[in-house]
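As structure tokens, the structure follows; a few thoughts come after it.
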Amino acid sequence: MEDTRGNYCLGCKTSSYQNPKLKFLVNACGHRLCDGCIKAMFVRPTAPCPQCGTILKRNEFRDHLFDNADVEKEIDIRKKILKVYNKQEHDFKFATDYDDYLEEIETIIYNLTNGINVDETKAKVERYKKDNQALIARNRSKLNVEQERITNMVKEQLKEIEIKRERQLLEEKEELRKRKSDKEALLDDLTYADVSVDKVLANYKKTQAQQFNKKNVLNMNTNEKVVFITTGNKEEIYTYIPIKEDNVGPKAPSIGDILRDKYVKNVHVAEELKGGGFLPTIACSRAIQEAFSCLLD
């Protein structure tokens with residue numbers, strides 16, 4: 001009976017429930033074995049799987065990822081087949097030929113995974129491999145170059161992210177130091193300044209507002225210069241520009257006018273919508289814009 005308390009080794013039957021640190025590995029057949037059983041069973045380079053009897057090689061074990069053995073088996077077979085059947089779409093004159101090629105690959109993988117005409121399918125793969133050695137080697141070389149390019153691109157992106165993270169940490173640290181310094185200066189002014197307390201507080205609030213506005217301007221300028229690396233070239237980030245349309249009617253009041261003239265007095269917004277930033281002014285502004293639209297058409 002299958003152990004339902006977690007993954008378990010098909011050799012010693014020890015489960016991850018009994019030993020949470022147990023490491024499972026799988027091979028071509030997809031059946032999982034623990035690291036201890038592999039060391040004990042594979043004294044020689046090869047040994048049969050205790051579940052299905054398939055002859056396995058010790059150096060082909062890999063980390064266990066999925067609970068289903070058939071999934072593990074299909075992944076292993078798919079990787080091996082795609083190393084041989086590695087033609088790309090540009091290698092075919094017609095798209096239909098490429099579709100037939102992909103269907104053939106899936107048929108081969110399905111047969112090998114489910115044990116259907118295994119000998120015939122393996123012989124077919126070997127014939128294809130022998131007849132297309134040069135093409136397979138050339139496509140594999142192209143694939144290696146592309147993988148290396150993608151790897152370098154990812155490394156560069158991660159490096160950029162790390163630099164930004166370190167810069168952000170430094171800025172946050174500097175901001176905390178500045179806040180502490182400003183509070184100490186405020187206390188000194190409140191204690192020793194010759195002016196009134198109200199004037200000291202007013203000057204403090206004014207200084208804080210100026211610093212806040214300056215920080216927002218710097219952030220806006222920084223965001224405009226952000227780039228994303230996609231194809232190896234640096235591209236400027238997309239900047240949203242609001243659409244200016246003629247509503248063919250009177251100019252609708254602005255958000256400021258709506259608040260000042262109390263348009264939202266009778267507008268009700270459910271509490272659950274406020275968490276997403278949906279404010280009464282939004283609903284009111286939309287209703288007024290629709291009402292004013294096309295009045296002069």
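The values are calculated or read from the model by the stated rules, or taken from the named source; none is laboratory data. The model shown is predicted, which means the values in this text are computed figures rather than measured ones. We place every Cβ from the backbone using ideal geometry, glycine too, and count neighbours over all the protein chains shown. Ligands, DNA and RNA are stripped out before the accessible areas are found, and what is left, the full protein with its side chains, is counted by its heavy atoms. Shrake-Rupley method; radii C 1.70, N 1.55, O 1.52, S 1.80 Å.
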Ranked by GNM mean-square fluctuation in the chain (Cα springs under 10 Å), the top entry among Glu120, Glu166, Glu245 is Glu245
Hey, what angle do you get for helix 280-292 against the long axis of the chain, alpha-carbon based, 0 to 90 degrees rounded to 10? 80
What residue among Leu135, Leu33, Leu259 shows peak mean-square fluctuation when the chain is described by a Gaussian network model with Cα springs under 10 Å? Leu259
Taking the Cα centroid of segment 3-54 and of segment 72-143, what is the distance between the two, rounded to the nearest whole Å? 30
Quote the charge dipole size of the chain about the Cα centre in Debye, to the nearest 20; the model charges only the Cβ of Lys and Arg (+1) and of Asp and Glu (-1). 1220
Got a sec? What order do Ile161, Ile282, Ile105, Ile241 fall in by accessible area at 1.4 Å, biggest, i.e. largest, first? Ile241, Ile161, Ile282, Ile105
Å² per residue, accessible surface of the chain at 1.4 Å: 77
Taking the convex hull of Cα positions in the chain, its mean projected area over all directions (nm²): 33.0
Under 13 Å Cα-Cα from Lys180, which aspartates and glutamates qualify once same-chain neighbours fewer than 8 residues away are excluded? Glu172, Asp188
Using only Cα atoms and rounding to the nearest 10 degrees, what angle (0 to 90) does helix 118-131 make with the longest principal axis of the chain? 80
Accessible surface of the chain [probe 1.4 Å, protein heavy atoms]: carbon and sulfur percent: 54
Quote to one decimal, in nm, the extra length available between Ala137 and Gln18 on full extension: 0.36 nm per residue of separation minus the C-alpha distance between them. 38.1 nm
Of the GluC sites (Glu not before Pro) in segment 61-118, which ones lie in a loop per DSSP and count no more than 14 other C-beta atoms within 10 Å? none
Show me, for segment 68-81, the HN-Hα J-couplings you get by feeding each phi into the Karplus relation (A = 6.51, B = -1.76, C = 1.60, θ = phi - 60°), rounded to Hz, glycine and proline as x. 7, 5, 5, 5, 4, 5, 5, 4, 5, 5, 4, 4, 5, 5
Give me the lysines in straight-line cross-link reach of Lys244: C-alpha distance below 27 Å, same-chain residues under 8 apart excluded. Lys225, Lys262
Ranked by accessible surface with a 1.4 Å probe, highest first, in what order do Val118, Val84, Val43 come? Val43, Val118, Val84
Degrees between helix 95-114 axis and first principal axis of the chain (Cα, 0 to 90, nearest 10): 60
